[in-house]
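Heads up, the thing below is written out as structure tokens.
All of the numbers you see were taken from the coordinates with simple rules; none came from a lab. Given the structure is predicted, the values throughout are model-derived calculations rather than measurements. Heads up, the Cβs are rebuilt from the backbone with ideal geometry, glycines too, and the neighbour counts pull from every protein chain shown.
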Amino acid sequence: MTVNPELVGRDFPSVGPYLVGREKVREFARAVFATNPIFTDLEAARAAGHADVVAPPTFPVVIQEHTLSQLLSEPDANIDFSRVVHGDQRFTYSRPVVAGDELTATLSVTSVKTLGAHSMVTSESVMTDSTGAHVVTATSTLVVRGGE
Amino acid sequence: MLAGVTVGQVVANRTIHLDRGSLVRYAGASGDFNPIHYRDDVAESVGLPGVLAHGMLTMGFAIQPLADFLGTRGRIADYGVRFTRPIVVDPEHGADVTIETTVGAIVDDAIRFDLTVTFQGDTVLGKAQVQVVFD
């Protein structure tokens with residue numbers, strides 16, 4: 001069973017707004033071994049010109065996960081989660097995420113490719129702030145391993 | 001622009017020691033509770049060589065030496081990686097992962113930094129690149 005190519009171009013409802021919490025940013029920063037004080041120290045972040053502590057660069061994956069679960073739960077997607085491997089990941093930023101941001105994420109599937117028994121699904125989660133301005137786009141390719 | 005850097009220059013080196021606690025902490029922080037990242041029996045049942053670090057944990061810490069080098073300078077515009085090899089985290093000994101950060105290219109007001117992330121002698125990320133804009 002290969003992944004349904006008709007996922008490309010389908011509209012998914014936006015997720016959020018997700019309120020980026022200061023302690024969540026600090027918790028994430030510790031988990032990724034961050035040591036630059038702008039990620040944990042409010043005064044250091046403000047001195048560097050940010051409104052609040054800065055989320056580490058991969059923090060948007062927390063919000064992206066909510067959009068990917070929409071994709072995995074589409075009834076006709078044919079994606080078996082136990083066979084999913086993360087192939088690649090990219091973040092393209094207009095600005096850093098900071099605590100206090102309210103981010104809304106919108107998923108789109110940009111390509112579904114089949115290589116033998118495997119499928120590769122590339123999707124984008126576009127995240128905007130409460131003013132509607134773009135903050136970051138998370139692009140992910142999932143490899144769905146074929147059955148035996 | 002960052003003064004004094006040249007293409008090929010190594011700007012940061014760091015070794016991260018992962019243990020099972022690191023994986024549990026990342027699971028909680030990120031919300032990724034896939035049990036292959038903390039349960040040996042589940043990892044074994046799906047044919048894995050052991051409990052694996054989350055790919056996104058590796059991507060998350062791989063950029064930290066660069067974040068320290070930059071301090072408050074520059075703005076990260078793009079960060080992408082390919083996951084090429086898993087990191088097996090031994091329940092007793094953990095896993096040591098090394099990160100080398102080099103200057104890959106300098107174009108106008110932007111620098112591309114290349115991250116070489118190695119575990120047991122093999123690179124675990126492919127094309128791990130960070131674009132930083134200095135404006």
Projected area averaged over all directions for the convex hull of the alpha carbon atoms of region B:23-78, nm², comes out at 4.9
Under a no-solvent Debye model with one identical scatterer per Cα of chain B, what's log10 I(q)/I(0) at q = 0.11, 0.14, 0.16, 0.19 Å⁻¹? -0.43, -0.66, -0.81, -1.04
Shielding by partners for A:31-43, please: the mean number of other protein chain Cβ atoms within 10 Å of each residue's Cβ. 6
Of A:His50, A:His86, A:His134, which is the most mobile in a GNM of chain A whose springs link Cα atoms less than 10 angstrom apart? A:His86
Please give the Cα centre distance for region A:91-148 versus region A:6-80, rounded to the nearest Å. 11
Quick one: if you stick a label point 7 Å off each Cα along the C-beta vector at A:Arg83 and A:Thr131, how many nm between them? 4.6
Intensity falloff of the protein assembly as shown expressed as log10 I(q)/I(0), Debye formula with alpha-carbon point scatterers, at q = 0.08, 0.16 Å⁻¹: -0.33, -1.38
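Obtain the radius of gyration and the Kirkwood radius of region A:73-148 from its C-alpha atoms and give Rg over Rh.
Reported Rg/Rh, Kirkwood definition of Rh: 1.08.
Between B:Asp108 and B:Val24, what is the FRET efficiency for a Förster distance of 35 Å, r being their Cβ-Cβ separation, to the nearest 0.05?
Numbers: r = 43 Å, r/R0 = 1.24.
Step by step, r from the Cβ atoms, then E = 0.20.
Which whole-number value in Å³ per residue fits the convex hull of the alpha carbons of chain A?
Values: hull volume 16.6 nm³, N = 148.
In chain A, the Cα hull volume divided by residue count equals 112 Å³.
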If one computes the Cα centroid of region B:26-55 and of region B:1-18, what distance in Å separates the two points? 31
Placing each pseudo-label 7 Å from Cα in the direction of the beta carbon, B:Gln120 and A:Ala117 end up separated by a distance in nanometres of 2.4
Place a point 7 Å from the Cα of A:Asp52 in the direction of its beta carbon; the residues of region A:65-101 whose amide N falls under 19 Å from it are A:94-101
Taking chain B as a Gaussian network, where each spring joins two C-alpha atoms under 10 Å apart, which residue of B:Leu66, B:Leu48, B:Leu115 fluctuates the most? B:Leu48
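So what's region A:31-113 giving for Rg/Rh, alpha carbon basis, Kirkwood Rh from the mean inverse pair distance? Write down the numbers at each step before the final one.
Values: Rg = 16.3 Å, Rh = 15.2 Å.
A ratio of 1.07.
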Of the candidates A:Thr131, A:Thr110, A:Thr58, which one comes out as most mobile in a Gaussian network treatment of chain A with C-alpha springs shorter than 10 Å? A:Thr131
Can you give the mean number of other chain Cβ atoms that lie within 10 Å of the Cβ atoms in peptide B:47-55? 1
Percent of alpha carbon pairs in region B:82-129 separated by more than 12 Å? 66
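Residues of B:21-30, mean number of Cβ from any other protein chain within 10 Å of their own Cβ, rounded to a whole number?
4
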